[in-house]
Amino acid sequence: MNIEVGIDITSIERIKKILEKFGITFLYKFLLPNEILIAYKQPTINNSLHNKESNCKNKIPTHFPLNTKKCYFTKQNKKTYIREYKQLLKNIEENFCLNDFNKNTIASFWAIKEACSKALGVGIGKSLSFHDICIFKNINGKPFVALNKKKFKYFKVKKISISVTHDCNMVIATCAITFK
């Protein structure tokens, strides 16, 4: 069994400065819609923010409906999620306010995705994009990672484990990947 490890350290202040400069555009460059909603500080959806015909629950979900045992997601998972939360995402985009987002969470997601790409041995680039990696949390707030199904198969991933910590305005993420 082959195991690879990746690690990343990210400055929360650097992420904050990028957010101040580029706003929601920066978030869309490296986060999936569910990750934007996780970083969004509002714990419930205000009924005026979403389409009344939507099946939205009161609580913002923390992930696509994933196969968590296999650690992958599909394009259909993403399309369904975006359709379901389109109005909320549109409202967040139109009324973007830096204070509505948890900068620690955003920096953590950056570090997690970088650590995951390093454990895969390719970094973020031609072989793997930020959007090929999905971060979600369980009910206790523990983060997990899933890959796009094509990348999951391409890299022959068996299991992904991550750990993240914050201290002194820095985030450190570690990712261990077991391969088939």
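The values are calculated or read from the model by the stated rules, or taken from the named source; none is laboratory data. Bear in mind the structure is a predicted one, so any value in this text is a computation, not a measurement. Positions of Cβ are generated from backbone atoms using ideal geometry, with glycine treated the same way; all protein chains shown enter the neighbour counts. With ligands, DNA and RNA removed, areas are computed over all heavy atoms of the protein, side chains included. Shrake-Rupley method; radii C 1.70, N 1.55, O 1.52, S 1.80 Å.
Would you confirm whether or not segment 39-51 contains a residue that is within 22 Å of TYR154 (Cα to Cα) and modelled with pLDDT of 75 or more?
No: zero hits.
Within segment 146-180, track down each residue that is under 25 Å from THR74 (Cα atoms), out of contact with any helix residue (DSSP H, G or I) (no Cβ under 9 Å at 6 or more places or on another chain) and charged (D, E, K, R).
Within segment 146-180, LYS153, LYS156, LYS158, LYS159, LYS180 qualify.
Kindly evaluate ILE112 against the criterion of being under 19 Å from MET170 (Cβ atoms) and open to solvent by less than 30 Å² (accessible area, probe 1.4 Å).
yes
Regarding ALA107, is this residue small (Gly, Ala, Ser) and touching an Asp or Glu at 6+ places or on another chain (Cβ under 6 Å)?
Criteria not met by ALA107.
State whether the residues of segment 74-84 include one that is modelled with pLDDT under 75 and out of contact with any Phe, Trp or Tyr (no Cβ under 6 Å at 6 or more places or on another chain).
no
Quick one: which strands (runs of 3 or more DSSP E) lie wholly within segment 62-180 and hold at least 1 residues that are free of Cβ contacts under 8 Å to residues at least 24 places away in the same chain?
Hits in segment 62-180: 133-137, 157-167.
Considering only residues that are open to solvent by less than 20 Å² (accessible area, probe 1.4 Å) and out of contact with any strand residue (DSSP E or B) (no Cβ under 8 Å at 6 or more places or on another chain), which ones fall in segment 124-158?
LEU128
Restricting to segment 4-25, give me the number of residues that are out of contact with any helix residue (DSSP H, G or I) (no Cβ under 7 Å at 6 or more places or on another chain), closer than 21 Å to ASN95 by Cβ and open to solvent by less than 40 Å² (accessible area, probe 1.4 Å).
1
Name, by its number, the condition in (1) under 23 Å from ASP8 (Cβ atoms); (2) open to solvent by less than 10 Å² (accessible area, probe 1.4 Å) that does not hold for SER161.
That leaves (2) as the condition not met.
Got a number for residues in segment 116-154 being within 20 Å of ILE18 (Cα to Cα) and under 14 Å from the mean Cα position of the chain (by Cα)?
3
Just wondering, is there one or more residues in segment 85-94 that are open to solvent by 30 Å² or more (accessible area, probe 1.4 Å) and closer than 19 Å to LYS159 by Cα?
Scanning segment 85-94, I find no residue that is open to solvent by 30 Å² or more (accessible area, probe 1.4 Å) and closer than 19 Å to LYS159 by Cα, so the answer is no.
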